[in-house]
Amino acid sequence: IVKHREPSRRQIKRIETGEEMSLPESGKETVTYTLTEKGFKVNDETMENVETRYTETIKNDIHTLIEKINATPSNDYRIQIYRLVQDVSEVSSETEKEALMAQLEPYLDKQVVTPLIVKPIEYNNQVISGQTSNQASVQVTLPSGEVLNTQADETGAFTINVPKSQALALNDTVQVVATKESETSSQVESIKVTDTISPESPVIFPTQAGSKEVKGSAEPNTILEFRFQNGTIVTTDVLDNGTWTIKVPE
């Protein structure tokens, strides 16, 4: 809540430009400003009004930037254009969004992030790694919806370790995208978790002659197959703790 005995002297300026913002009910002595993702909501006005004001602000920003580009085309405007593209993406109306992007399209730098290469994700490894543009931001979305972030190094290499609490299961799919300021984002890559590494040989615990059970250890969640001399085949699942037990056939 902002109160000023002389409302005309109350000023709200944009951080980006330093320009004074024109907001409704500016003549009132006491005004309530609520900060939203689209700017300030004044008193009891609707979010529809806030959306409209946000869209108009972006329109004016685009118009101003295009005038600057046309006046001094040799200057580098890539970062400003990139930020405007991000702002346009937040416009709610798809019609307005398309129209605004159409205005920016002729000025977009077609430089894109180096094609994203993601190495196969092995079930036993729980590591996501690959290659992209140097210093690009890499975002990984896990099947749970949790997002992991990292930054590629100077060579473009990146590595993300999956937390144990979000351990990937076989055939899970993760989505990976790389972004870099002033460059177009990479395509989203969908990578399925595979298991191409052969498990180590199972261990059989010492078993007494005549025992009706055989126990041992092996890689968790694998399937073991036992072939007995009489031709009987027995299969069993290895438990999460890496142990297994089978009944000896008669």
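Points to keep in mind about this one:
- Rel. contact order, % - alpha carbon contacts under 8 angstrom, at least six apart, the stretch 203-247: 39 percent
- Quarter of Cα convex hull surface for the stretch 46-181, i.e. mean projection, nm²: 11.0 nm²
- What you get for the stretch 203-247, charging only the Cβ of Lys and Arg (+1) and of Asp and Glu (-1), is a dipole of about 240 debye around the Cα centre.
- Centre separation in Å (Cα based) which lies between the stretch 99-157 and the stretch 36-77: 28 Å
- The stretch 109-250: relative contact order in percent, alpha carbon pairs under 8 Å with at least 6 residues between: 20 percent
- Extreme residue, positive dipole direction of the chain, given options Tyr82, Pro206, Gln103 (C-beta unit charges): Pro206
- A value for log10 I(q)/I(0) by the Debye sum over Cα atoms at q = 0.09, 0.15 Å⁻¹ was derived from the coordinates, and within the list (1) -0.48, -1.09; (2) -0.67, -1.13; (3) -0.63, -0.97 it appears as (2).
- Residues Thr194 and Glu90, FRET efficiency given R0 of 45 Å [Cβ-Cβ distance, rounded to 0.05]: 0.75
- Using the Cβ-Cβ distance between Leu170 and Thr114 with R0 = 45 Å, the FRET efficiency computed as 1/(1 + (r/R0)^6) comes to roughly 0.90.
- Gained length - Ala102 relative to Thr222, 0.36 nm times residue gap less alpha-carbon distance: 37.8 nm
- Given their separation in residues at 0.36 nm each and the Cα-Cα distance between them, Ala209 and Glu146 gain 17.5 nm when the chain is fully extended.
- Net charge of Cβ neighbours under 14 Å - reference Gly242; Lys, Arg +1; Asp, Glu -1: -3
- Dipole magnitude of the chain about its Cα centre (Cβ charges: Lys, Arg +1; Asp, Glu -1), debye to nearest 20: 440 debye
- Thr245-Leu35 pseudo-label distance in nm [points 7 Å out on the Cα-to-Cβ vector]: 6.1 nm
- Relative contact order (%) - criterion: Cα under 8 Å, at least six apart; region: the chain: 11 percent
- Between the residues Asn230, Leu142, Phe158, the greatest Cα displacement towards the positive end of the dipole of the stretch 139-250, with unit charges on the Cβ of Lys, Arg, Asp and Glu, is found for Asn230.
- Label-point gap, in nm, between Val234 and Ser22 - each point 7 angstrom along Cα→Cβ: 8.5 nm
- Residue-count net charge about Thr46 - beta-carbon cut-off 13 Å; Lys, Arg +1, Asp, Glu -1: -1
- Value at 222 nm in deg cm²/dmol, rounded to 500, when DSSP H runs of n ≥ 4 in the chain each add -39,500 (n - 2.57): -6500 deg cm²/dmol
- Förster radius 30 Å - calculated FRET efficiency between Thr46 and Ala71 (Cβ-Cβ, nearest 0.05): 0.20
- Shape analysis of the stretch 203-247 places it in the oblate category; the axes a ≥ b ≥ c from the Cα gyration tensor give an a/c of at least 1.5, with a/b not above b/c.
- Using Cβ point charges alone (K and R +1, D and E -1), the dipole size of the stretch 117-194 about the Cα centre works out to roughly 200 debye.
- Positive end of the dipole of the chain (Cβ unit charges, origin at the Cα centre): among Thr57, Pro115, Thr34, the Cα lying farthest that way belongs to Thr34.
Taken together, the values in this text are just the output of simple stated rules run on the coordinates, not laboratory data. Only a predicted model underlies this, so the values are computations on that prediction, with no experimental measurement involved. Cβ sites come from the backbone with ideal geometry, for glycine too, and all protein chains shown count toward neighbours.
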